[in-house]
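Below: one structure, written as structure tokens.
The values are calculated or read from the model by the stated rules, or taken from the named source; none is laboratory data. All values reported here derive from a predicted model rather than from experimental measurement. We work out accessible area using only protein heavy atoms, side chains counted, and drop any ligands, DNA or RNA first. Shrake-Rupley method; radii C 1.70, N 1.55, O 1.52, S 1.80 Å.
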Amino acid sequence: MASGFNLLIAFESNTLTTLIGFRYVTGFFLAGIYPVGMKIAADYYEKGLGTALDYLLKGLTAGFSWKLVLLITSL
């Protein structure tokens, strides 16, 4: 659900109100799964838990449009 609302941000017909609404709903759905997922990851990886994926995506997608990056991360 969260990724679907995240994808809706890329449409050019959005207004400020719809953008804020889509971000809110995306955050709402992620708030339900993120703490549980991080707890599982923290229990499994006692050392070395990091956020390298964000930096990898930034490096790999440096020349791409933000819409393509949004599509890739949503999928």
Heavy-atom surface of the chain, accessible at 1.4 Å and reported per residue (Å²): 82
Which whole-number percent is the relative contact order of the chain (Cα, under 8 Å, 6+ apart)? 44
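Using only the Cα atoms of the chain, build the gyration tensor, take square roots of its eigenvalues as a ≥ b ≥ c, and label the shape rounded, prolate or oblate: rounded if a/c is under 1.5, else prolate if a/b is larger than b/c, else oblate. Please list the in-between numbers first.
Details: a/c = 3.37, a/b = 1.41, b/c = 2.38.
Verdict is oblate for the chain.
Quick one: length gained pulling ILE40 to PHE11 fully straight, 0.36 nm per residue minus the C-alpha distance?
On the way: separation 29, 0.36 × 29 = 10.44 nm, distance 3.42 nm.
Difference between extended and current length: 7.0 nm.
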Straight-line reach from LYS39: which lysines have a Cα under 17 Å away, not including same-chain ones fewer than 8 places off? LYS47
Across segment 5-15, in residue order, what do the Karplus-derived ³J(HN,Hα) couplings come to in whole Hz, using 6.51 cos²θ - 1.76 cosθ + 1.60 with θ = phi - 60° and x for Gly and Pro? 5, 5, 5, 5, 5, 6, 5, 6, 7, 6, 9
Rounded to a whole %, the carbon-and-sulfur portion of the accessible area of the chain at a 1.4 Å probe is 70
Using each residue's phi in segment 67-72, evaluate 6.51 cos²θ - 1.76 cosθ + 1.60 at θ = phi - 60° and report the 3J(HN,Hα) Karplus result to the nearest Hz, with x for Gly and Pro. 5, 5, 4, 4, 5, 4
